[in-house]
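What follows is calculated from the coordinates using simple rules that are stated; it is not laboratory data. Everything numeric in this text was worked out from a predicted model, so none of it was measured. Glycine gets a Cβ as well: all are built from the backbone with ideal geometry, and neighbour counts include every protein chain shown.
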Amino acid sequence: WGTLGHDTVAFIAQSFISNSTAAFAQGILNDTSSAFLANVATWADSYRYTTEGAFSAPLHYIDALDSPPESCNVDYDRDCPEEGCIVSAIANYTTRLQTTNLSATERQKALKWVIHFLGDIHQPLHVENLEIGGNGINVTFDGTATNLHHIWDSNMAEKLIGGYSLEDARTWAGELVQEIETGKWKNQSAGWLTGLDVRNGVDSAMVWATDANSYVCTTVIPQGEAGVEGKELDGAYYDAAIPVIQLQIAKAGYRLAAWLDAIVEAEKGVE
Ligand code: ADE
Ligand code: ZN
Ligand code: ZN
């Protein structure tokens, strides 16, 4: 996702985490402001373009070698290479975050990656290989030439919300939190936590990756690549995509909160 998506995931998580999780995160991040999670939600996207952080670029996705739109699936052994992928990265940085003898800097990086990767794993094109996660599929959106990956990361959410500032994210998060607590997702949000086991990061992240990847077949390219290549997607395509984007951002924030709570609870156990 772009800035709006990541910041919104962070604000949603912030409104669901326990007080002890908030204190844990504020301590590691050295930030007690009203946006302590959102303030670091896009750090990983800057870091990946530095010399020091270049190794982390492949950790933002898993290139599922499935066959959309006929067949959508993710296979850890098939799709996660030796260098790592978003699934192994979530498992690894979750473990590092719980490693108390790690330096403060390394634990802070681990938390920033967990916050970011829990967001990215909910973007369907971050769990799909086709044309480099859709980066190679040219489309136009509101008259601007771009690519399929970019409109899923940014353009469609920004069109819906009307901007991408921190306050735009705070507002969108508030709307999605209300849908989770009392609105259209009230009866299904508990089910979003099925399969979540902080002692098994790979299996947990695979549940989320498989869930997000299913939308590649139903919503991202239901007619295959030819259905979107070179097309203007601001109409019916956008209308079908928006409910999926809202749902995936909401799930990411809700799962991130539960994940961080579980990390903090597991820590209490070992102390
Ligand atoms: N680079 C290669 N595959 C990618 C993907 N699925 N998403 C983003 N960047 C990528
Ligand atoms: Zn992306
Ligand atoms: Zn990313």
Taking just the alpha-carbon atoms of the chain, what radius of gyration and Dmax come out, in angstrom? 17.7, 57
If amide hydrogens are placed 1.01 Å from N in the peptide plane, which non-local residues have theirs closer than 5 Å to the one on Asn147? Val139
Taking H placed 1.01 Å from N in the peptide plane, check which residues at least 5 places from Lys231 or on another chain put their amide H under 5 Å from its amide H. Thr140
Name the residue farthest towards the positive end of the dipole of segment 44-128 from the options Ala44, Gln108, Thr95, assuming +1 on Cβ of Lys and Arg, -1 on Cβ of Asp and Glu, about the Cα centre. Gln108
Helix-only mean residue ellipticity at 222 nm for the chain, each DSSP H run of n ≥ 4 adding -39500 (n - 2.57), per residue, nearest 500: -16000 deg cm²/dmol
Going by the alpha-carbon gyration tensor, a ≥ b ≥ c the square roots of its eigenvalues, is segment 104-220 rounded (a/c under 1.5) or, if a/c is not under 1.5, prolate (a/b greater than b/c) versus oblate? rounded
Segment 49-127: chymotrypsin sites (Phe, Trp or Tyr not before Pro) in DSSP coil with no more than 13 other Cβ atoms inside 10 Å: Tyr49
Helix 3-16 versus the longest principal axis of the chain: what angle, 0 to 90°, nearest 10, using Cα atoms? 40 degrees
Centre separation in Å (Cα based) which lies between segment 140-200 and segment 214-251: 14 Å
If you build the convex hull over the alpha carbons only and average its shadow over all orientations, what do you get for segment 47-167? Give it in nm² to one decimal. 9.6 nm²
Roughly how tilted is helix 86-97, in degrees to the nearest 10 and between 0 and 90, from the longest Cα axis of the chain? 10 degrees
Using the Karplus equation 6.51 cos²θ - 1.76 cosθ + 1.60 (θ = phi - 60°), what ³J(HN,Hα) coupling, rounded to whole Hz, does each residue of segment 176-188 give in order, writing x for Gly and Pro? 6, 4, 5, 5, 5, 7, 9, x, 5, 9, 3, 8, 10
Longest principal axis of the chain (C-alpha) makes with the long axis of helix 236-270 (C-alpha) an angle, in degrees to the nearest 10, of 20 degrees
Only Lys, Arg (+1) and Asp, Glu (-1) charged, at Cβ; segment 3-270 dipole about Cα centre in debye: 860 debye
Find the eigenvalues of the gyration tensor of the Cα atoms of segment 165-209, then list the square roots of 5 times those eigenvalues as equivalent ellipsoid semi-axes, largest first, in whole angstrom. 26, 16, 7
